[in-house]
Amino acid sequence: MENTVNKPKILIIYTGGTIGMVETPDGLQPFDFSHLMDNVPKVGQLGYDIQSVQFPHPIDSSNMNPSYWNQIVKDIADNYDEYDGFVVLHGTDTMAYTASALSFMLRNLRKPVVITGSQLPIGDTREDGTENLISALEVAAAKDENGDPMIQEVVISFQDYIVRGCRSTKFTSTGFEAFRSFNYPALGTIDLHIEYAKPYLMRHDDHLPLDPFYSMDPNILVMWLYPGITEDVVKAQLATPGIKAVILRTFGAGNAPTEQWFLSALSDAVSRGLIIYNVTQCLNGGDEQKRYYTGDMLSKAGVITGYDITVEAAVTKMMFLLGSGLSTDQIKQYLTTSIVGEITVE
Ligand code: ASP
C-alpha cells in the first residue's frame with residue numbers, strides 16, 4: 001500500500017477556465033478534470049497526496065457569480081481539517097474577483113488557498129497551464145521554518161509571481177504574466193526557486209476555526225466617470241432599483257467633477273441611504289480624497305474613500321459587508337479599515 005503519511009495533502013478544486021478547456025466548433029469550452037490531469041502526468045512526480053473536486057459543469061469564469069463562490073467556499077470548509085492546502089483552478093477573466101471574494105468569505109483562514117489557471121489550455125503545444133498548476137501545488141504545500149503553512153491566506157500564483165488575492169488584478173489578456181498587485185508587494189517570486197517575501201505574508205497569532213460566509217449581497221453598482229458624463233446618466237444610475245451601494249470610479253487621486261448637479265446627485269443619494277465608495281480608475285496609487293478640491297468635495301458629499309483598494313476588492317468587500325447584517329455606519333467604518341490586507345491605511 002502507498003505510504004501517504006507526511007506527504008502534503010492538497011485538494012484541487014476545478015471550476016473551469018482556459019486551463020482545462022478544449023477546442024470546439026463554437027470556440028474554447030471548459031472540459032472535465034480527468035482530461036486536464038491526463039495531460040499533466042508530471043503532477044505525480046511531486047509525490048503529494050492530491051485529491052480533487054470539480055464543479056458539476058465547469059464554467060468559463062465570465063459566468064462566475066456569488067453562488068459559485070459559495071460552492072468554492074463550501075468545498076474548502078467541508079475539507080478544511082483534512083487538507084494542508086487548496087488549489088483552485090479558475091479562468092483568468094474573473095480570477096481577481098474570486099480571489100478577493102474568497103479572501104473575505106473564508107473568515108479566519110489559516111491555510112493556503114492558491115488560485116491559478118492559464119492563458120492557453122493544458123494540452124496545447126505552447127501552454128502555460130502545466131507550469132502554473134505545478135507551481136500552485138508547491139505553493140500550497142510550502143511550510144515555513146516553524147512547520148506552519150507558508151501561505152495563510154488566499155493568493156494567486158501565476159507565472160512568475162505569487163500575489164495577495166485581494167490585491168490582485170488581471171492586467172493583460174494576452175501576456176502569460178497576467179496578474180499584478182499594483183499597490184502591495186508580491187508575496188513571492190517563482191523562477192528557478194520559489195522565494196517568499198516573508199515580511200509581506202499574512203500571519204495570525206491565533207488558531208480560530210474557519211468561519212465560512214455564504215451571504216454576499218450583490219445589490220451594488222459600479223459607476224465609471226468620464227469627462228462629459230451627463231446628468232441624466234448619473235441620475236439614472238443612482239436611481240437603479242434595489243442598489244444599496246455604489247463603487248464610484250474616480251479620476252487620479254480620487255477626484256470627480258465639481259459641478260453642482262453632480263455633487264447634489266451624490267449627496268441626495270447618500271441622504272437616501274446609498275453608500276458611495278471612491279475607487280480610483282488608476283491601477284497604481286489610490287485615493288487621497290482630501291488632496292485636491294475636486295476630491296474634498298466628494299468627502300463633503302458623504303463619499304467614503306477607498307484608499308488604494310482595487311475595484312475587484314471593492315466590489316467583493318461591499319457585497320460582503322452588505323451581506324453581513326451591519327448598520328450603514330458600521331459598513332462605512334469597515335470600508336476604511338483593512339479586514340484582510342486589502343487596503344493600506346496610513
Ligand atoms: N475566458 C476564460 C475564463 O476566464 C479565460 C481564461 O481562463 O484565461 O474562463
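Read-outs throughout are calculated quantities, based only on the coordinates presented, and are distinct from any laboratory measurement. What you see is a predicted model, and the numbers here were worked out from it, not measured in a lab. Here the Cβ is made from the backbone with ideal geometry for all residues, glycine too, and neighbour counts use every protein chain on show.
Take the residue pairs LYS170/LYS244; LYS9/LYS42; LYS198/LYS317; LYS7/LYS42 and return only those whose Cα atoms are more than 23 Å apart. Provide the component values of the computation, followed by the final result.
Working: LYS170/LYS244 27 Å; LYS9/LYS42 17 Å; LYS198/LYS317 25 Å; LYS7/LYS42 16 Å.
As for pairs spanning more than 23 Å Cα to Cα, those are LYS170/LYS244; LYS198/LYS317.
For LYS300, give me every one of the lysines with a C-alpha distance below 17 angstrom, ignoring sequence neighbours fewer than eight places off in its own chain.
Filter leaves LYS290, LYS332.
Whole angstrom only: what separates the Cα centroid of the stretch 11-43 from the Cα centroid of the stretch 88-136?
Distance between centres, Cα-based: 13 Å.
When N is the residue count of the chain, what does its C-alpha Rg come to as a fraction of 2.2 N^0.38 Å?
Dividing the Cα radius of gyration by 2.2 N^0.38 Å gives 1.03.
Assign one of three labels to the stretch 74-114, namely rounded, prolate or oblate, based on the Cα gyration tensor with a ≥ b ≥ c the square roots of its eigenvalues; rounded applies when a/c is under 1.5, prolate when it is not and a/b is larger than b/c, and oblate otherwise.
Values: a/c = 2.29, a/b = 1.59, b/c = 1.44.
Prolate is the answer for the stretch 74-114, as a/c is 1.5 or above and a/b outweighs b/c.
Hand me the GluC sites (Glu not before Pro) from the stretch 120-229 located in a DSSP loop with no more than 11 other Cβ atoms within 10 Å, in residue order please.
Numbers: sites: GLU127, GLU131, GLU138, GLU145, GLU153, GLU177, GLU195; in loops: GLU127, GLU145, GLU153, GLU177.
Here the sparse-neighbourhood loop sites are GLU145.
Express as a percent, rounded to the nearest 5, the fraction of DSSP beta bridges in the chain (both residues included) that run antiparallel.
On the way: 19 of 52 bridges.
Of all bridge pairs located within the chain, approximately 35 percent are antiparallel.
Please state the shape class of the stretch 121-205: rounded when a/c is under 1.5, otherwise prolate if a/b exceeds b/c and oblate if not, all from the C-alpha gyration tensor. Intermediate results must be reported in sequence, preceding the final value.
Working: a/c = 2.41, a/b = 1.45, b/c = 1.66.
It comes out oblate by the Cα gyration axes.
For the stretch 195-237, take N as its residue count and report Rg(C-alpha) divided by 2.2 N^0.38 Å.
Working: Rg = 20.9 Å, N = 43, 2.2 N^0.38 = 9.2 Å.
So the stretch 195-237 has a normalised radius of gyration of 2.27.
Do you know the relative contact order of the chain, to the nearest whole percent, from alpha carbon pairs under 8 angstrom that are 6+ apart?
Details: 721 pairs, mean separation 49.1, N = 346.
Relative CO of the chain lands at 14 percent.
Hey, any idea what the orientation-averaged projected area of the convex hull of the stretch 28-146's Cα atoms comes to, in nm²? Before the final figure, lay out each step's value.
Details: hull surface 32.0 nm².
The number I arrive at for the stretch 28-146 is 8.0 nm².
What relative contact order, as a whole-number percentage, does the stretch 197-346 give when Cα pairs under 8 Å and 6 or more residues apart are counted? Intermediate results must be reported in sequence, preceding the final value.
Numbers: 231 pairs, mean separation 35.4, N = 150.
The normalised contact order for the stretch 197-346 reaches 24 percent.
Where q = 0.17, 0.22, 0.28 Å⁻¹, what log10 of I(q)/I(0) comes from the Debye formula for the stretch 9-86, counting one point per Cα?
Log10 I(q)/I(0), no solvent term: -0.74, -1.09, -1.32.
Can you tell me the Rg and Dmax of the stretch 271-312, counting just the alpha carbons, in angstroms?
Gyration radius and largest Cα-Cα distance of the stretch 271-312: 10.5, 32 Å.
Remind me, relative contact order of the stretch 72-159 in percent, using alpha carbon pairs under 8 angstrom and six or more residues apart? Provide the component values of the computation, followed by the final result.
Working: 136 pairs, mean separation 28.9, N = 88.
With pairs under 8 Å counted, the relative contact order is 33 percent.
Which aspartates and glutamates does LYS235 reach when only Cα atoms under 17 Å apart count, and residues fewer than 8 places away in its own chain are ignored?
GLU259, ASP268
Ranking SER61, SER338 by Cβ neighbours within 10 Å, fewest first, what do you get?
On the way: SER61 21, SER338 13.
Sorted ascending by nearby Cβ count, the order is SER338, SER61.
Run through the stretch 106-198 and list the chymotrypsin sites (Phe, Trp or Tyr not before Pro) located in a DSSP loop whose Cβ has at most 16 other Cβ atoms within 10 Å.
Details: sites: PHE158, TYR161, PHE171, PHE176, PHE179, PHE182, TYR196; in loops: PHE171, PHE176, PHE182.
Answer in residue order: PHE171, PHE176, PHE182.
Using only the Cα atoms of the stretch 222-281, what semi-axes does the equivalent ellipsoid have when each is the square root of 5 times a gyration tensor eigenvalue? Give whole Å, largest first. Before the final figure, lay out the partial values.
Values: eigenvalues 56, 35, 23 Å².
One finds semi-axes of 17, 13, 11 Å for the stretch 222-281.
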